[in-house]
Amino acid sequence: MFDDAINNFPPQKLATGEWAMMRRDHLNNVSMLIGGVESPLKWESRPVFDRTRANAFKPDEPEWWQLPDGRSLGIIRDNGGSKRLFRTLSSDNGRTWSTPELTNFPDATSKFFGLRTSRGSYVLVSNANPAGRYPLCLSVSRDGVTFTRMGRLPVPVAEVPSLQYPHVIEHDGVC
């Protein structure tokens, strides 16, 4: 749908009615694609982070969601050894973004998945163990920015030594 775009998550609708998705190119530069209204092939690319500006930060597998106050929050995995997630904010429907900042949220350099539930909370499923891709955890946030609760999902380690690339679906108000 767009040249040199690796997107790990489907487009989501902005408050403007446009579609948007974070993506990275083959150099791991991160941008937001906005459009898809006139045609599924018509997108505008807006920069989020230029990899050549980074020292140790190596962005990968970015995701975003809309916050209750109308801002957009981007979460970006770091392959640069920080073992933490980065975040960035946009106040103009994804057209400009703050410089990604290191959070204290632990990460095993593995894909994660987040969503806003029908009750207004945000959930993030990830490998929140910097030492490896086990266990799989579910974290909860009321505001979509700060995650205050984290629980280990009950997956037997003997059967599956590593769980990665999770996804969450909400059905009838239950994730």
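The values are calculated or read from the model by the stated rules, or taken from the named source; none is laboratory data. The model shown is predicted, which means the values in this text are computed figures rather than measured ones. Quick reminder, even Gly has a Cβ in these numbers, built from the backbone with ideal geometry, and neighbours come from all protein chains shown. Side chains included, ligands, DNA and RNA excluded: accessible areas come from the protein's heavy atoms. Shrake-Rupley method; radii C 1.70, N 1.55, O 1.52, S 1.80 Å.
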Accessible surface of the chain, 1.4 Å probe, proportion on carbon and sulfur as whole %: 52
Provide the per residue accessible area, probe 1.4 Å, for the chain, rounded to a whole number of square angstrom. 52
How many Å³ per residue does the convex hull of the Cα positions in segment 10-111 occupy? 97
Let's see if you can work this out: charge +1 on each Lys and Arg Cβ, -1 on each Asp and Glu Cβ, no other charges. What is the dipole magnitude of the chain about its Cα centre, in debye to the nearest 20? 440
Quick one: check the C-alpha center-to-center distance for segment 1-32 versus segment 50-120, whole angstrom. 13
Three-way shape label, segment 65-121, alpha-carbon gyration tensor, a/c 1.5: oblate
Lysine pairs, Cα distance under 20 Å, 8 or more residues apart or cross-chain: how many in the chain? 4
Going residue by residue through segment 115-128, the Karplus relation 6.51 cos²θ - 1.76 cosθ + 1.60 with θ = phi - 60° gives ³J(HN,Hα) values, rounded to whole Hz and with x marking Gly or Pro, of 7, 9, 7, 5, 8, x, 7, 10, 10, 9, 9, 7, 8, 8
Quote to one decimal, in nm, the extra length available between Arg142 and Lys83 on full extension: 0.36 nm per residue of separation minus the C-alpha distance between them. 18.9 nm
Computed curve, the chain, Cα-only Debye sum without solvent term, log₁₀ I(q)/I(0) at 0.15, 0.16, 0.17 Å⁻¹, is -0.86, -0.97, -1.09
